[in-house]
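Report on one structure; see the data block that follows.
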Amino acid sequence: MSSLQSHAHQSDPKNRARLRWRARRGLLENDLILTRFLDAHEAELSDEDVDAFSRLMDLSDNELMALLMAKKMPEAEVDLPHVHRLLKRLQDA
């Protein structure tokens, strides 16, 4: 197994479907950003990326939008290095 495969996002279809389901948001803007990001990068997400994504999905739509638009910085449970890295990738997507 290559190192990319051993660190890639889970190959379990149920886990992948759950990630996509959580990306469906009430705010259309969030939904579009997250769906486009997953369309382009889902297969290469590491477990750390998935954890960061899940933490972001726990936020309200308005909090998430403020982070995605770089109007505020991550705080509390999302103020972690791997969340900052994923957020930067989402902002650049």
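The values are calculated or read from the model by the stated rules, or taken from the named source; none is laboratory data. As the structure is a computational prediction, the values presented were derived from the model and not from experiment. Heads up, the Cβs are rebuilt from the backbone with ideal geometry, glycines too, and the neighbour counts pull from every protein chain shown.
Considering each residue of region 36-50, count those that are loosely packed, with under 15 Cβ neighbours inside 10 Å and in contact (Cβ under 8 Å) with a residue 12 or more places away in the chain, and give that number.
5
Looking at region 51-93 only, could you name the residues that are in contact with an Asp or Glu (Cβ under 6 Å, 6 or more places away or on another chain) and more than 19 Å from Arg24 (Cβ to Cβ)?
His82
Evaluate region 24-38: report whether one residue or more is at pLDDT 90 or above and among the hydroxyl-bearing types (Ser, Thr, Tyr).
Checking region 24-38: at least one residue is at pLDDT 90 or above and among the hydroxyl-bearing types (Ser, Thr, Tyr).
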